[in-house]
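The values are calculated or read from the model by the stated rules, or taken from the named source; none is laboratory data. Keep in mind that what you see is a predicted model, and the values were worked out from it rather than measured. All Cβ positions, glycine included, derive from the backbone under ideal geometry; neighbour counts span all protein chains shown.
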Amino acid sequence: MYAFTYQKAASVADAAAALAKNPDAKVLAGGQSLIATMKLRLAAPKTLIDLGGIAELRGIKSDGKSLVIGAMTRHAEVVFSADVKKAIPALSHLAGEIGDRMVRNMGTLGGSLAHSDPAADYPAAVLGLGATVVTNKRQIAADDFFKGLFETALQPGELITSVSFPIPKRAGYVKFKQPASRFALVGVFVADTGSGMRVAVTGAGPCAFRVPEMEKALGGKFAPESVASVKVPAKGLNSDIHASAEYRAHLVTVMAKRAVQAALG
């Protein structure tokens with residue numbers, strides 16, 4: 001890695017001020033993506049601003065209608081939280097499917113969303129549940145947050161502080177894993193929100209996206225067979241050494257069926 005200056009922020013305001021002074025600085029959350037890219041010399045920030053010491057960015061709260069999770073909450077904390085297991089069991093399951101134990105004990109919700117890796121798990125939950133991403137400047141609806149490959153609606157100097165997940169009637173998440181990394185070749189999050197159905201896909205495209213045709217089908221009957229005949233076009237989907245676009249398109253339907261079944265128990 002190249003030499004860099006390290007700063008540990010004491011508060012959100014402190015971190016925002018440091019970013020304002022150092023526009024080229026990078027924010028360090030869990031470091032599971034940033035440190036790796038720095039080791040490979042794919043990123044060479046002159047300044048790192050560590051959010052690890054900001055207590056206000058951690059924690060999980062539920063009021064019966066929504067589940068609010070701080071941006072610096074570790075994946076493992078989501079896995080074992082009694083509040084998460086009670087309110088949105090599918091979210092606890094999803095967090096338990098992320099990486100390995102080290103990644104789950106270091107990686108954070110906010111870091112994952114800000115990075116927006118096309119194969120990350122959390123984007124499917126945020127989009128599938130219609131969550132709201134709260135920053136130090138505003139609130140961003142899930143449908144407006146993911147813009148493209150490693151691209152989000154976050155503006156320079158903007159920090160995710162928490163995410164508010166509406167509690168659904170039922171939800172399920174299933175992914176087809178890349179066996180070495182455990183990233184999702186394709187992952188599908190399905191939610192019956194009480195006011196409509198949401199189906200979100202990760203791993204298949206440049207960023208997480210919804211499948212309106214599946215949502216409409218599940219609105220008629222919430223059952224695996226309802227999505228069995230819905231096909232997602234392969235055009236524009238990811239294609240790499242692990243899976244072709246056509247195979248990923250096929251997996252979307254397969255994983256959607258399994259996610260609906262998981263939601264039904």
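List of remarks:
- Screening L109, L94 for residues that are buried (at least 18 other Cβ atoms within 10 Å of the Cβ), within 20 Å of V199 (Cβ to Cβ), touching a residue at least 12 places away in the same chain (Cβ under 8 Å) and of a type in the set (A, V, I, L, M) leaves exactly one candidate, L94.
- Residues satisfying the stated conditions in the stretch 48-72, i.e. in a strand (DSSP E or B), more than 16 Å from L19 (Cβ to Cβ) and touching a residue at least 40 places away in the same chain (Cβ under 8 Å): S62, S66, L67, V68, I69, G70
- Flag if V134 is touching a residue at least 24 places away in the same chain (Cβ under 8 Å) and buried (at least 24 other Cβ atoms within 10 Å of the Cβ): no
- Test: residue in the stretch 35-56 that is modelled with pLDDT of 95 or more and hydroxyl-bearing (S, T, Y): no
- Residue check, G196 surrounded by fewer than 24 Cβ atoms within 10 Å (Cβ to Cβ), on the phi > 0 side of the Ramachandran plot and not hydroxyl-bearing (S, T, Y): yes
- The residues of the stretch 214-240 that are part of a loop (DSSP other than H, G, I, E, B) and either crowded, with 18+ Cβ neighbours inside 10 Å or modelled with pLDDT under 95 (or both), listed by number, are V230, V232, L237, N238.
- Flag if T37 is over 22 Å from the mean Cα position of the chain (by Cα), among the β-branched types (V, I, T) and surrounded by fewer than 18 Cβ atoms within 10 Å (Cβ to Cβ): no
- In the stretch 153-195, residue farthest from G64 (Cα to Cα) [restricted to those that are of a type in the set (S, T, Y) and in contact (Cβ under 8 Å) with a residue 40 or more places away in the chain]: S181
- Residue among A20, A16 that is assigned to a helix (DSSP H, G or I) and within 14 Å of I160 (Cα to Cα): A16
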